[in-house]
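Beneath this line is the structure, given in structure tokens, with notes to follow.
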2 protein chains.
Amino acid sequence: MPTTGKLNLEPGKANEPKSGYHSQFSKNTEKASPGFYEVMLDDYGIKAELTATERVGFHQYTFPKSSDSHIILDLMSNIYNYDSKNVWTFVRVEDNQTVVGYRETTGWARTRKVYFAMKFSKPFKNYGRKRYEKVEYNGFYRKLNENENFPEFAGRQIRAYFDFDTEANESIFVKFALSGVSTSGAMKNLEAEIPGWDFNQIKKESAAKWEKELSKIEVETINENDKKTFYTAMYHTMMSPILYQDVDGKYLDIDQNIHNAKDFTNYTVFSLWDTYRALHPLYNIIQPKRNNDFIKSMLSHSKHSVHKSLPIWSHYANENWCMIGYHAVSVLADAVAKNTTDADLNKMLEASITSSNLKYYDGIDEYLKYGYVPEDKSSSSVSKTLEYAYDDWCIAQLAKKLGNVSKEAEYLKRSENFKNVYNPKSGFMHPKLSDGTFKKEFDPMDTSGQGFIEGNAFNYGLYVPQNVPEMITMMGGKNKFSKHLDEIFTTEIAEKYIEQNEDITRDGIIGNYVHGNEPGHHIPYLYNYTNDAWKTQNRVRNIMQKMYSSGVDGLCGNDDAGQMSAWYIFSALGFYPVLPGSDEYQFGSPIVKSAKINLENGKKLMIKTENQSEENVYVSKILVNGRQVKNHILKHSDIANGGEIVFVMSAKH
Amino acid sequence: MPTTGKLNLEPGKANEPKSGYHSQFSKNTEKASPGFYEVMLDDYGIKAELTATERVGFHQYTFPKSSDSHIILDLMSNIYNYDSKNVWTFVRVEDNQTVVGYRETTGWARTRKVYFAMKFSKPFKNYGRKRYEKVEYNGFYRKLNENENFPEFAGRQIRAYFDFDTEANESIFVKFALSGVSTSGAMKNLEAEIPGWDFNQIKKESAAKWEKELSKIEVETINENDKKTFYTAMYHTMMSPILYQDVDGKYLDIDQNIHNAKDFTNYTVFSLWDTYRALHPLYNIIQPKRNNDFIKSMLSHSKHSVHKSLPIWSHYANENWCMIGYHAVSVLADAVAKNTTDADLNKMLEASITSSNLKYYDGIDEYLKYGYVPEDKSSSSVSKTLEYAYDDWCIAQLAKKLGNVSKEAEYLKRSENFKNVYNPKSGFMHPKLSDGTFKKEFDPMDTSGQGFIEGNAFNYGLYVPQNVPEMITMMGGKNKFSKHLDEIFTTEIAEKYIEQNEDITRDGIIGNYVHGNEPGHHIPYLYNYTNDAWKTQNRVRNIMQKMYSSGVDGLCGNDDAGQMSAWYIFSALGFYPVLPGSDEYQFGSPIVKSAKINLENGKKLMIKTENQSEENVYVSKILVNGRQVKNHILKHSDIANGGEIVFVMSAKH
């Protein structure tokens, strides 16, 4: 944080302007584009501009004339409670332009160490640090004045500062590199990626890299807003997983040891309960090589995991066990089905099998024993049973690919476990107890304590992507099922059922359908399996228009590492991966006028529409490479081989 | 800690038997020899036996019959206050016989991480851990039962346990390897050093390694007790510095990065204010190769230090700044003077010069400005001035060796700074203020606030080893100086001056002479520079007999990483390095009857006595290779080339 005037290391309070080093700013002075951000810090008259390479941030701070200019390095700042989360901090001032160090935190990632190296374009004239924790033992360090100009400091709670004289309009640049390995790794990253000081050059290169990725799909839209929304969503899908490897190939893995990536690039942040649904399938179209690296990163994780299992939700060489399921298997199966990975299939199957038998995780022991997760043994039992059964289907696909007949049969059988939690009497997937009876008090509208997590029986109870037809039959046939879907979209949720939750906005709800969270993302496409496919077309266009924009309220819920946006990209193009792990997509109704998908294999997929308009949300005909499609199904090969999809749009169904 | 019965993870209180897992034991059941310890844990009927290789501890616990046997891994236990010192702990149970992890602590070493790998000879049937700190955020880990049989745990305060069924007299073996690098490094160390399970074999090998080192000097003594005392002291001199490098050459250095030792072995724990005096000079006789590695470790430290300086008191890749002086330069100069190092002399000089100009350390800025450390600017100013001046003389020797005339002259001049704190009026080295006047209130008996640290003006004021003759002249000539020495040994210290200090026992004092701490260790030898050398002979024999034994009270003060014992070894052989950094020793009076020093170059130095007895403490004649020595000086070349020293002893001087 750049400041001027009397040094203030306290951040200040948001509702008390000038109470700390924080600055007020006007939204008018903000400029943001991929790889660049700019803002005027009004309290100090400092213009802040930021750009980046893969591993290195590049800051430009343009100061007023001052003999009291500062750049503050706040190593206490943290999301939520820094006091309990900051574990240790170590800083070395290598010379009057170079600082390295690390901070170790606990929390979402329980044991997380982030190393850094920063370089200033101009020597600081003075520097120092303040320790904010109670120091119970200081040994012979007490002899030293560590507060000022002492080049090495460590502790739990540290803020540091660097002082400069600045002329009017003088820019000070800061390069700030990260590493998960070491400070020397961070320094290597810094020197490799930004050897010089040309901010505008790096800004330009960063823009070019983004342009290249965002141009993987070129769209024409009905209006300018839709185009903005589309590329905003594209941008969102590329925020994570994040690169987690130094330029020299070294990376920290889940065993807390340093490894060398030989034939892949290591990534972290796998929010898999969210992202297996549409984000990884999207990567299999626009970023297959990167997705292949994600898979290899997951295999490295399982190799070094003490459980030998694939990540559930991995984050900076930690497993945080967030949400349910072992959905990495879906990512593997999807890439295998779509032929986008060269990872070892035997290792994939082995790691998947291990993941699906991790008895101490989330009721799997009981799932194996009972064929469902009993609610009295492990809560959110229906969600778990449904997701496990789907994941098991994915594992069966891997076994099938390998010709492992017995494993295929075993996992196909497991994939039918969804049937064990269907209660014909209530007509819902219904929490079942270990004695085989269904839970007596049951409210299918309630998201709390009813066997589901972040969803209710109406929504989450439809999660059988691996066998939608059988689910429909089980639930009374196509017409009844279609009405169930209507009921979801039209029944208002009573106030008492709405969770106060950081994940979903109130606008993210249509009736009882919650688009602001993931477990229902396939629901609008389920009409395709009934006789009312036109309702899918209507619903998806409606959701795209109501729940996505390029404004600050452009998402109706947590983007969840890109899944919310990936839903939009697919739907905007007119199809959606209801069953990741298969090579099929369900057609919906495109919002674009046309699109060109520039595949990594050099081929192009053209998406065209006829009679496209805001009102013409219905699809009267679909031609794939001139061949009419009547079953609402798009095969992946029709994407991967390039070609043309034509949607003929209509105002009527 | 092995236990039986109901699991108790609390250590218990020392004064409350059976209040925790601690066990009572009888001293009668203890057996200890180099590389081995055995004790009977009476509370449990468990026999504990311990041996080790360089990096791996090997435990044998012989249990009674029990279905409730445990081995506890207490990762909270720490010297002093664990609550504030334990920073983070990480443990993985790799399989039912293998556990790895690390603990990170702050304290004496501010940022210390010790990795481990342990292997049990028998699978445990059950295991678990308890976290003792308040866990403010537990995320989705709350879903898991981490208390029992969950193979990965982390936190600030952890104790773990491993359960076994044991038959009567069944031994469970544990191999416990350490690393400063990583858990995989610890595992490599374990596998390389103890691949099998033969406890007795490792015990035998360990004994043989010790025998080899302890046999570097073979002595015959007047009585058996002296022999025990001698080898006890030898053992003590080999406790540290400690090996700090994995079997594959990797080590953590002061920059907190991992490095690869190519042409040396890395060591840590350099307690230099203590050990430069006699311990490193001793290594230059009996362990020159290891001392050369110490020097290279120090050069690696300075290379990777943010200060580019040599260690002051380095410890597990930390500088703790303990005590005063930059005495690594003495270790370098001593090895150069004795031709025992092949380290780069230019690098040695450069690192030494940097160390001696570290302005933010302990008044060096003022020392350079004033030619002494002014007491009003930096306390313990006289001790600092004297030690710096001596260290500067050492640097001059390095410069001289390199033919760097200007640096030699510069540092020889600095080495005369001792004169600046001599007050002819008080007749003492006397704290001087920045205005050039001497401190008015001054008590040469007081160890507190009088310009000295862990010593007073009587004792510490004689620290000018680089120019004893000039000091003697300055202080009034040989006779007056000899009386000053007498006064030291005969003036009783008043009770009020005796510091309550963990470093010195009450028995470590003769008159006002404090042998239980280091700054006076050369004093008994200073009579050699007067006309009363016989008093040196008398004093050193007296100190050896009174202040050293093989009993539990066998040292009169903190051994200080071996310095207290090194004093004994030298004195027992009849000479002492009053001026480390030179190639000379001062003769005293040997306590051995004879000694053979087996040098690493294959040569032998024989030390022989005639008329040796407990009463015959005076040396009437010394022959070095047949040549009579009259100036009390032994040259290092007379040691290194092997040969013979004969002391003719007498009851009269």
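Shape class for segment B:1-108: rounded, because the ratio a/c of the largest to smallest gyration tensor axis (alpha-carbon atoms, square roots of eigenvalues) is under 1.5.
Distance from the Cα centroid of segment A:253-291 to that of segment B:421-483 is 70 Å (rounded to whole angstrom). Mean residue ellipticity at 222 nm, helices only, chain A: -8500 deg cm²/dmol; runs of at least 4 DSSP H residues each add -39,500 (n - 2.57), and the sum is divided by the number of residues. Once every Cα of segment A:76-150 carries one equal point scatterer and solvent is ignored, give the base-10 log of I(q)/I(0) from the Debye formula at q = 0.13, 0.20 Å⁻¹, two decimals. Here log10 of I(q) over I(0) equals -0.50, -1.04. With protein chains left intact and a 1.4 Å probe, residues in chain B average 38 Å² of accessible area per residue.
Close amide H pairs (under 5 Å, H built 1.01 Å from N) link B:Gly581 with B:Asp334, residues at least 5 positions away or on another chain. Averaged over the residues of peptide B:103-112, the number of Cβ atoms from other protein chains lying within 10 Å of each residue's Cβ is 4. Per-residue Karplus couplings for segment A:601-609, computed as 6.51 cos²θ - 1.76 cosθ + 1.60 with θ equal to phi - 60°, are listed in order as 7, x, 7, 10, 10, 9, 10, 10, 10 Hz, Gly and Pro entered as x. Database remark: amide H of A:Glu152 closer than 5 angstrom to the amide H of A:Val93 (H placed geometrically; neighbours at sequence offset of 5 or more, or on other chains; Pro and chain starts carry no H). Overall, the protein assembly as shown carries a charge dipole of about 1400 debye about its Cα centre when +1 sits on the Cβ of Lys and Arg and -1 on the Cβ of Asp and Glu, all other atoms neutral. Taking amide H atoms as placed 1.01 Å from N in the peptide plane, the amide H of A:Asp68 lies under 5 Å from those of A:Gly5, A:Thr166, each 5 or more residues away in sequence or on another chain.
Restricting the calculation to Cα atoms, segment B:410-473 shows an Rg/Rh of 0.96 when the hydrodynamic-style radius is the Kirkwood one. For segment B:546-653, the convex hull drawn through the C-alpha positions has a volume of 123 cubic angstrom per residue. Helix B:381-402: angle to the longest alpha-carbon principal axis of chain B, degrees 0 to 90, nearest 10? Compared with the principal axis, the helix lies near 80 degrees. What the Kirkwood sum gives for segment A:240-281 is a hydrodynamic radius of 11.4 Å, with every pair of different alpha carbons counted. Ranked from shortest, the separations from the 7 Å Cα-to-Cβ label point of A:Ala207 to its equivalents in the other copies are 7.9 nm. With a 10 Å cut-off around each Cβ of A:441-450, the average count of Cβ atoms from other chains is 0. Computed from point charges on the beta carbon alone (+1 for Lys and Arg, -1 for Asp and Glu), the dipole magnitude for segment A:107-188 about its Cα centre is near 500 Debye. A label point on A:Glu191, set 7 Å along the Cα-to-Cβ line, lies at 3.3 nm from each of its counterparts in the other copies, closest listed first. Pairing chains A and B buries close to 4700 square angstrom of accessible surface in total, based on protein heavy atoms and a 1.4 angstrom probe.
The dipole here belongs to chain A: it is taken about the Cα centre, uses +1 on the Cβ of Lys and Arg and -1 on the Cβ of Asp and Glu, and is about 840 debye. Looking at the protein assembly as shown, the pairs of alpha carbons with a distance over 50 Å make up 43% of the total. With a 1.4 Å probe and every protein chain left in place, tell me how much accessible area A:Arg156 has, in Å² to the nearest 10. Number for this one is 40 Å².
Angle of helix B:533-547 to the longest C-alpha principal axis of chain B, folded into 0 to 90 degrees and rounded to 10: 20°. Considering only B:Leu605, B:Trp108, B:Phe481, and ranking their Cα positions along the charge dipole of the protein assembly as shown that arises from unit charges at the beta-carbon of Lys, Arg, Asp and Glu, the one farthest toward the positive end is B:Leu605.
In sequence order, segment B:351-367 has phi-based couplings of 5, 5, 4, 4, 4, 7, 10, 7, 4, 7, 9, 6, x, 5, 3, 6, 4 Hz under the Karplus curve 6.51 cos²θ - 1.76 cosθ + 1.60, θ = phi - 60°, and Gly or Pro positions carry x. Each of B:Ser300, B:Gly449, B:Ile498 was placed along the dipole of chain B (beta-carbon charges, centred on the mean Cα), and the one lying farthest toward the positive end is B:Ser300. Computed over segment A:457-498, the Cα gyration tensor eigenvalues convert (square root of 5λ each) into semi-axes of 22, 12, 6 Å, ordered from largest to smallest. Rg over Rh for segment B:2-211 works out to 0.96, using Cα positions for both radii and the Kirkwood form for Rh. Take B:Asp342, move 7 Å from Cα toward the beta carbon, and the resulting point lies 4.7 nm from the same point in each other copy, nearest first. Coupling constants for segment B:277-282 follow from the phi torsions by the Karplus curve (6.51 cos²θ - 1.76 cosθ + 1.60, θ = phi - 60°), and in residue order they are 5, 9, 5, 5, x, 5 Hz; glycine and proline get x.
Percent of Cα-Cα pairs more than 15 Å apart in segment B:3-42, please. Distances greater than 15 Å cover 50 percent of the Cα pairs. When you count the other C-beta atoms within 10 angstrom of each residue and take the mean per peptide, A:326-339, A:460-473, B:206-219 line up highest first as A:326-339, A:460-473, B:206-219. With a threshold of 31 Å on the Cα-Cα distance, the over-threshold entries among A:Lys6/A:Lys228; B:Lys31/B:Lys593; B:Lys308/B:Lys338; A:Lys31/A:Lys85 are A:Lys6/A:Lys228; A:Lys31/A:Lys85.
The calculated Kirkwood hydrodynamic radius for chain B is 26.8 Å, given to one decimal from all distinct C-alpha pairs. Counting Cβ atoms of other protein chains within 10 Å of each Cβ in A:133-142 and taking the mean gives 5.
Work from the charge dipole of chain A (Cβ charges, +1 for Lys and Arg, -1 for Asp and Glu, about the Cα centre) and give the residue of A:Pro590, A:Ala192, A:Ser23 farthest towards its positive end. Going by the charge dipole, the pick is A:Pro590.
As a ratio to 2.2 N^0.38 Å, the alpha-carbon radius of gyration for segment A:494-587 is 1.08. Expressed as a fraction of 2.2 N^0.38 Å, the C-alpha radius of gyration for segment A:109-219 is 1.45. Our note on the geometry: Cα centres of segment A:161-217 and segment A:37-84, 13 Å apart. Sparse packing (at most 16 other Cβ atoms within 10 Å of the Cβ) combined with a DSSP loop state is found for the following GluC sites (Glu not before Pro) in segment A:53-162: A:Glu54, A:Glu133, A:Glu136.
By accessible area, using a 1.4 Å probe on protein heavy atoms only, the protein assembly as shown has 48% of its surface on carbon and sulfur. Inter-part distance, segment B:323-395 to segment B:304-318, computed on C-alpha centroids, equals 14 Å. Based on a Kirkwood Rh over C-alpha pairs, give the Stokes-Einstein translational diffusion coefficient of segment B:452-546 at 4 °C and viscosity 1.567 mPa s in µm²/s. Diffusion coefficient, whole number: 95 µm²/s.
The values are calculated or read from the model by the stated rules, or taken from the named source; none is laboratory data. Treat the numbers as computed from the prediction; the structure is a model and nothing was measured. When we count neighbours, we look across all protein chains shown, and the Cβ atoms used for this are built from the backbone with ideal geometry, even at glycine. With ligands, DNA and RNA removed, areas are computed over all heavy atoms of the protein, side chains included. Shrake-Rupley method; radii C 1.70, N 1.55, O 1.52, S 1.80 Å.
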